[in-house]
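Notes follow once the structure below has been shown.
The values are calculated or read from the model by the stated rules, or taken from the named source; none is laboratory data. These figures come from a predicted structure and were not determined experimentally. Virtual Cβ from ideal backbone geometry, glycine too; neighbours counted across all protein chains shown.
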Amino acid sequence: MRDSIQLGVVVLGMTLMGGSLTSCSKLIKAKGGSSSASTSSGGTTGGTTGGTTGGSGSATPTPEPALAKSLLVGGYGAGYSYLKSAEEYDPGARTFTTVAAMSVTRVDHAAVILNDGKVLVSGGIGGTGPSTLSSAEVYDPGTRTFSATTGPMNHMRSGHTMTLLQDGQVLVTAGAFSNQVTNTAELYDSGTGSFTWVGNLSVGRKNHSATLLSDGKVLIAGGADRFDTALSSAEIYDPVAQSFSVVPNPLVNARHSLFAHLLPNGKVLLFGGRGSGGMMGTAELYDPTTEIFTATGSMTTNRDKSNGSRSMLLNNGEVFVMGGGAAERYSQLTGLFTPTSQSPAIIGVGFTIAKLPDGKILVAGGRNAGGLIRAAEVYDPDAGTFSRTTGDLNGDREGGVSP
């Protein structure tokens, strides 16, 4: 389920393919979509972001696009029922408010913040049946409502990725449908509200990562085939040529349901996920200059997105990952993961994480041995501490993605 976003954010459904980035160039306010800070970043579904480039590891990362109030939508409720309900988190009041629901239930869908501050939500599994969806809708933070896009995606898909490109269009790649995987891709134009075909990947894949690179291209890595076999292949999408090309060198380890984030030095950190031996803790770096993947320090705990763990790029350029009752951070300066100084107060899986406007991390909902969790907490990267929010979620909710 895989890779990308932060700052004040949106959180959706069961899993957004975690590794992509959104390339909004501003901090987005909840109402009106105006910007208050200029940045240069990247983002997806599923959640990672861009940063400044440079050969050394000391470059300052750029903040990711964000909503002033985080949005949590879809996922699983009591009895593993599919949800279409949505809530916003107000970081000032530290409370949650129920907003208008989506048009259909969704899990394993994707979401991304658009340049105008609205949120595109697509695909997943839900609706009548339930079945794999081709529908998409846009959330407007100003009215707190969802509206259908002009047309649906050209292909039904779940476990796919959405990546906001530098020109404001959204790249949608691959995914699963009816026990199959697709290699198709399409572009969403927020101006027309419609999707158009943009070619095919070399292979079909699901639960992969899609990461916006510093040059505007997109790295698509790993994932699984229709038999859930992890893939080691990767490819690059070129938005100028509107074409895909295979990366000549494979990943160090085949993996799906992985985490991926663009680091401030321009390299991509890919870690965790699931391979032939099960859940993984290993990590690797992709260098866009050499097109080579090399091993880096492993996590202290094995984690993958399908098992409910989540990750986020911090404002200082480190990568935060949480799951299995613990959390840790990766530093590009040391090439190592280090456990956080304080453990999470709420132990569970399938929670949603989102970066708030001040760079802190919201952790909400999920499930533990006692059942579904409505509690939420906030991680402060500077202090290294977790603290409970004033209010809990208004309803049961397991899973989520942060565009």
Evaluate the following for L219: is it in contact with a Pro (Cβ under 9 Å, 6 or more places away or on another chain) and in a strand (DSSP E or B)? yes
Is it the case that segment 320-330 has a residue that's assigned to a loop (DSSP other than H, G, I, E, B), surrounded by fewer than 20 Cβ atoms within 10 Å (Cβ to Cβ) and at pLDDT 95 or above? no
From (1) at pLDDT 95 or above; (2) farther than 22 Å from D225 by Cβ, pick out the condition that doesn't hold for G272. (2)
Considering only segment 269-295, state which residues are buried (at least 18 other Cβ atoms within 10 Å of the Cβ), over 15 Å from N207 (Cα atoms) and without any contact (Cβ under 8 Å) to a residue 60 or more places away in the chain. T282, A283, E284, L285, F293
Being in contact with a strand residue (DSSP E or B) (Cβ under 8 Å, 6 or more places away or on another chain) and assigned to a helix (DSSP H, G or I) is true for just one of S245, S306, S311. Which residue is that? S306
Determine which single condition N315 fails, assuming it passes every other condition in (1) closer than 27 Å to P250 by Cβ; (2) surrounded by fewer than 22 Cβ atoms within 10 Å (Cβ to Cβ); (3) modelled with pLDDT under 95. (1)
Give just the number: which of (1) within 19 Å of A260 (Cβ to Cβ); (2) surrounded by fewer than 24 Cβ atoms within 10 Å (Cβ to Cβ) does S190 not satisfy? (1)
Taking segment 127-136, which residues are surrounded by 24 or more Cβ atoms within 10 Å (Cβ to Cβ) and modelled with pLDDT under 95? none
Subset tally (residues that are under 18 Å from the mean Cα position of the chain (by Cα) and among the small types (G, A, S)) for segment 267-282: 2
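So that you can scan it fast, the table gives a plain yes or no per residue for (1) among the polar types (S, T, N, Q); (2) in contact with a strand residue (DSSP E or B) (Cβ under 7 Å, 6 or more places away or on another chain); (3) in a strand (DSSP E or B); (4) closer than 24 Å to G79 by Cβ:
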site: D358; (1), (2), (3), (4): no, no, no, no
site: V363; (1), (2), (3), (4): no, yes, yes, yes
site: R374; (1), (2), (3), (4): no, no, no, yes
site: Y379; (1), (2), (3), (4): no, yes, yes, no
site: D382; (1), (2), (3), (4): no, no, no, no
site: S387; (1), (2), (3), (4): yes, yes, yes, no
site: N394; (1), (2), (3), (4): yes, yes, no, yes
Options T182, T173: the member that is within 22 Å of F271 (Cα to Cα) and surrounded by 20 or more Cβ atoms within 10 Å (Cβ to Cβ): T173
Look at G79 and say whether it is part of a loop (DSSP other than H, G, I, E, B) and either hydroxyl-bearing (S, T, Y) or loosely packed, with under 15 Cβ neighbours inside 10 Å (or both). no
Taking segment 193-209 and keeping residues over 22 Å from V268 (Cβ atoms), among the hydroxyl-bearing types (S, T, Y) and surrounded by 15 or more Cβ atoms within 10 Å (Cβ to Cβ) leaves S194
Evaluate segment 156-167: report whether one residue or more is of a type in the set (G, A, S), modelled with pLDDT of 95 or more and surrounded by fewer than 17 Cβ atoms within 10 Å (Cβ to Cβ). no
Residues of segment 216-247 classified as under 19 Å from L187 (Cβ atoms) and within 20 Å of the chain's Cα centre (by Cα), total: 8
Suppose we filter D108, D140 for residues that are closer than 20 Å to A185 by Cβ and among the acidic types (D, E); which single one remains? D108
Return yes when R205 is touching a residue at least 24 places away in the same chain (Cβ under 8 Å), within 30 Å of G129 (Cα to Cα) and over 20 Å from the mean Cα position of the chain (by Cα) and no when it is not. no
Across segment 374-400, which residue is modelled with the highest pLDDT among those that are out of contact with any helix residue (DSSP H, G or I) (no Cβ under 9 Å at 6 or more places or on another chain), under 11 Å from F351 (Cα atoms) and buried (at least 23 other Cβ atoms within 10 Å of the Cβ)? A376
Say we look at segment 103-123 and pick out the residues that are part of a loop (DSSP other than H, G, I, E, B) and crowded, with 23+ Cβ neighbours inside 10 Å; which of these is modelled with the lowest pLDDT? G117
What is the one condition in (1) surrounded by fewer than 17 Cβ atoms within 10 Å (Cβ to Cβ); (2) modelled with pLDDT of 95 or more; (3) among the β-branched types (V, I, T) that I347 does not satisfy? (2)
Restricting attention to segment 137-146, does a residue exist that is out of contact with any strand residue (DSSP E or B) (no Cβ under 8 Å at 6 or more places or on another chain), within 18 Å of R106 (Cβ to Cβ) and either modelled with pLDDT of 95 or more or not in a loop (DSSP other than H, G, I, E, B) (or both)? no
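This table checks each residue for (1) under 17 Å from the mean Cα position of the chain (by Cα); (2) under 22 Å from S257 (Cα atoms).
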{"residue": "N307", "(1), (2)": "yes, yes"}
{"residue": "E318", "(1), (2)": "yes, yes"}
{"residue": "F337", "(1), (2)": "no, yes"}
{"residue": "T340", "(1), (2)": "no, no"}
{"residue": "P344", "(1), (2)": "no, no"}
{"residue": "G350", "(1), (2)": "yes, yes"}
{"residue": "L356", "(1), (2)": "yes, no"}
